[in-house]
1. Which ones in the range 38-55 are surrounded by 22 or more Cβ atoms within 10 Å (Cβ to Cβ) and either farther than 13 Å from Gly96 by Cα or of a type outside the set (Phe, Trp, Tyr) (or both)?
2. Taking the condition of being assigned to a loop (DSSP other than H, G, I, E, B) and either surrounded by fewer than 17 Cβ atoms within 10 Å (Cβ to Cβ) or in contact with a Gly (Cβ under 9 Å, 6 or more places away or on another chain) (or both), how many residues in the range 142-152 meet it?
3. Report yes if Ala316 is modelled with pLDDT under 80, among the aliphatic types (A, V, I, L, M), surrounded by fewer than 14 Cβ atoms within 10 Å (Cβ to Cβ) and closer than 28 Å to Arg372 by Cα, otherwise no.
4. Among the numbered conditions (1) of a type in the set (A, V, I, L, M); (2) surrounded by fewer than 17 Cβ atoms within 10 Å (Cβ to Cβ); (3) more than 24 Å from Arg82 (Cβ to Cβ), tell me where Ala58 comes up short.
5. I'm told Arg239 meets every condition in (1) surrounded by fewer than 24 Cβ atoms within 10 Å (Cβ to Cβ); (2) within 23 Å of Gly3 (Cα to Cα); (3) without any contact (Cβ under 8 Å) to a residue 40 or more places away in the chain except one. Can you identify the failing condition by its number?
6. Need the failing condition index for Ile252 against (1) under 30 Å from Asp221 (Cα atoms); (2) of a type in the set (A, V, I, L, M); (3) outside the structural domain of Phe40 (by TED's automatic domain parsing); (4) at pLDDT 55 or above, just the number.
7. Taking Lys19 and the conditions (1) surrounded by fewer than 20 Cβ atoms within 10 Å (Cβ to Cβ); (2) in contact with a strand residue (DSSP E or B) (Cβ under 8 Å, 6 or more places away or on another chain), which numbered condition does it fall short on, given that it satisfies the others?
Amino acid sequence: MTGRIVLMGSGETAPTMVKLHRSLIEHAGAGRRVMLDTPFGFQANADDLTEKVQEYFADSVGVALEVARWRRRDDPLASRERTLALLQEARFAFAGPGSPSYALAQWDSTDVPLSLVDIIGRDGTVVLGSAAAVTAGSWSVPVYEIYKVGEEPRWIPGLDLLGTITGIDAAVIPHYDNREGGRHDTRFCYLGESRLGIMEGLLADGAGIIGVDEHTAVVFDVVHRTAEVHGAGGMTLRRAGVSRVIPSGEAIGLDEIEAVLSGRSGLLTSERPAAGVDNAADEASIDPVTDLQAPATSLGEVAQRAKQAFQGHLAAGDAEAALEAALGLEDAIHAWSQDTLQGDDANAARRVLRGMLVALAGAAVAGLGDPRDALDPVVQVVLDARFRAREARDFATSDAIRDGLLAAGIEVRDTPDGVVWEMRS
């Protein structure tokens with residue numbers, strides 16, 4: 001074996017992975033580049049998803065992918081043979097979102113797994129993201145069946161591509177640090193700690209768990225016998241409830257991974273780095289208006305940056321810059337829409353955008369200038385009347401003027417330096 005297998009925890013068609021995809025394709029060298037559509041082949045919008053993936057690679061990565069169509073194992077023989085012939089000529093293959101159990105059912109006892117191994121044997125690269133990544137281990141999580149249907153926690157046999165290529169006996173769990181559940185635990189590919197603990201006890205002796213965080217990729221290099229972590233999170237090696245985290249930017253030897261997960265080497269526990277800590281210096285220098293797609297773990301984070309910039313520009317009275325922030329968010333939504341596994345992020349970002357546009361429309365009507373500038377001449381006339389009442393010791397009239405201004409949202413304070421006023425929200 002001379003090539004690479006890459007496991008992505010999520011975001012395989014998001015802006016965060018563009019640079020890595022380009023590097024992986026360049027490393028794979030000349031040859032056909034394909035995508036397997038099996039994991040989402042059961043979905044009614046499978047054709048649309050295929051087009052979205054192709055658009056992402058063409059528009060963002062700058063590479064055209066051919067479709068290796070394998071929706072069902074009983075597709076017409078001619079169609080299956082064309083796909084296998086295409087895989088035999090490929091140097092780069094990609095598969096991503098969908099259902100792990102469906103993909104395994106369509107690939108089981110076919111030549112597809114062997115074809116993927118052959119690509120790596122030709123110094124090529126196989127990228128498996130999200131659902132497809134689950135299939136790479138010796139054991140796989142039937143995510144839909146457990147999380148959506150409510151079946152009891154269990155494993156199903158995986159393709160064991162990782163074991164065939166690297167010798168590592170493990171179950172691969174993407175979306176390892178998922179937080180979509182809010183108040184309920186959706187870590188570990190929506191299993192949560194309790195169900196993962198049950199499933200961990202069902203693993204065969206010598207097998208462990210490899211967790212890959214969202215918007216994170218692990219590149220397993222067969223030649224150098226290393227696994228290098230890229231992206232926003234880390235890779236977790238877990239055995240018997242004890243974990244070791246390999247953070248982004250670090251590498252670990254494949255032999256060490258195998259020893260840790262098989263129990264031949266002790267797990268060294270390490271704290272999971274807080275989100276964004278490693279990139280804190282870079283984040284501080286990001287202009288959320290001009291660089292909305294700078295390193296971010298989700299479209300929601302991009303939307304919040306844009307919202308903060310937008311509000312700052314409105315407060316400064318810069319309508320043009322505020323509009324640029326809103327348009328920048330719209331561009332970001334389009335860029336991230338290629339990622340088919342973003343959950344409700346796109347809808348949430350659009351709600352933020354609509355709120356920004358409403359605020360911008362309101363500012364267009366009311367104006368962006370400081371309202372104090374417009375009110376000050378009138379308020380000064382009223383304050384002058386209050387001053388004369390106080391000079392005449394007519395405190396009842398003075399207090400009535402003050403209370404009337406307060407009822408209108410204008411607070412008056414007497415200070416050693418004179419009378420000051422401000423608007424109350």
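The values are calculated or read from the model by the stated rules, or taken from the named source; none is laboratory data. The structure presented is a predicted model; accordingly, all values stated were derived computationally and were not measured. With ideal geometry, Cβ positions are generated from the backbone for all residues, glycine too; neighbour counts draw on all protein chains shown.
1. Thr38, Pro39, Val53, listed by residue number.
2. 3
3. yes
4. Among (1) of a type in the set (A, V, I, L, M); (2) surrounded by fewer than 17 Cβ atoms within 10 Å (Cβ to Cβ); (3) more than 24 Å from Arg82 (Cβ to Cβ), Ala58 violates only (3).
5. Of the numbered conditions (1) surrounded by fewer than 24 Cβ atoms within 10 Å (Cβ to Cβ); (2) within 23 Å of Gly3 (Cα to Cα); (3) without any contact (Cβ under 8 Å) to a residue 40 or more places away in the chain, the odd one out for Arg239 is (2).
6. Every condition holds for Ile252 apart from (3).
7. (2)
Let's see how each residue does on (1) in contact with a Cys (Cβ under 8 Å, 6 or more places away or on another chain); (2) among the hydroxyl-bearing types (Ser, Thr, Tyr); (3) within 24 Å of His27 (Cβ to Cβ):
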site	(1), (2), (3)
Val149	no, no, no
Ile156	no, no, no
Thr166	no, yes, yes
Asp177	no, no, no
Arg183	no, no, no
Arg195	no, no, no
Val212	no, no, yes
His224	no, no, yes
Thr236	no, yes, no
